[in-house]
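J.: For reference, the structure I am asking about is given below.
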Amino acid sequence: FDFSEDLKKEIKRYFQGANATSFLSASEIFDSVSHSLRLEMSSDLTRKCLDSCMLFSGCSKQMKDSVKGLLREVHFASEEYLVQINTVAHDMYFVMTGKVERVNVDNDGVESVEARIGPGGSVGILASYFGIRYMYSARATSLSGPCLCLRLVRNQLMPILKAY
């Protein structure tokens, strides 16, 4: 994680106190820390992401803080699909590194790239928000390693939207 030194020390103290001796992946670390530490970590990782997303434009800091705790890192290999056309949308993605191509297929089965989405962009926001089918497919196209996205699951977002 690219955290401040104070936050790194707090995370290390948490796991030293819990006697964690085995290797843990980033998501295992994130899922096993206290709620307050998880919020601080996610806030640091996702501040820019939510601030640049139109869906959260004008939302209060408190609401964004609640949403930040729900975001999870997902890595996609090049040519791996994030979403498939005509499937019911459950997830929205925020691109952190790499690129994602928005792909459409015509009636003859020919694919065409409609857009390339880079860091700071998003995929599936409206479809996921309304719980409808994706109108396009999206696939990762990173040449320099995996494409890193933050995933937000619709059914976790809805209670927060109702509360605010």
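J.: What are the pairs with Cβ atoms under 9 angstrom where one residue, in the stretch 89-114, is farther than 10 Å from residue 149 by Cβ and the other, located anywhere, is of a type in the set (Asp, Glu) and open to solvent by less than 40 Å² (accessible area, probe 1.4 Å)? Sequence gap at least six, or different chains.
T.: 113/101; 114/101
J.: Please verify whether the stretch 65-78 includes one or more residues that are of a type in the set (Lys, Arg) and modelled with pLDDT under 90. Break it down into steps so the answer makes sense when it comes.
T.: First, pick out the residues of the stretch 65-78 that are of a type in the set (Lys, Arg): 68, 72.
From what is left, the residues that are modelled with pLDDT under 90 are 68, 72.
Yes, because at least one residue in the stretch 65-78 is of a type in the set (Lys, Arg) and modelled with pLDDT under 90.
The values are calculated or read from the model by the stated rules, or taken from the named source; none is laboratory data. Owing to the predicted nature of the structure, the values given are computational and were not obtained by experimental measurement. FYI the Cβ positions are ideal-geometry reconstructions off the backbone, even for glycines, and counts take in every protein chain you see. All accessible areas refer to the heavy atoms of the entire protein, side chains included, with ligands and DNA or RNA removed. Shrake-Rupley method; radii C 1.70, N 1.55, O 1.52, S 1.80 Å.
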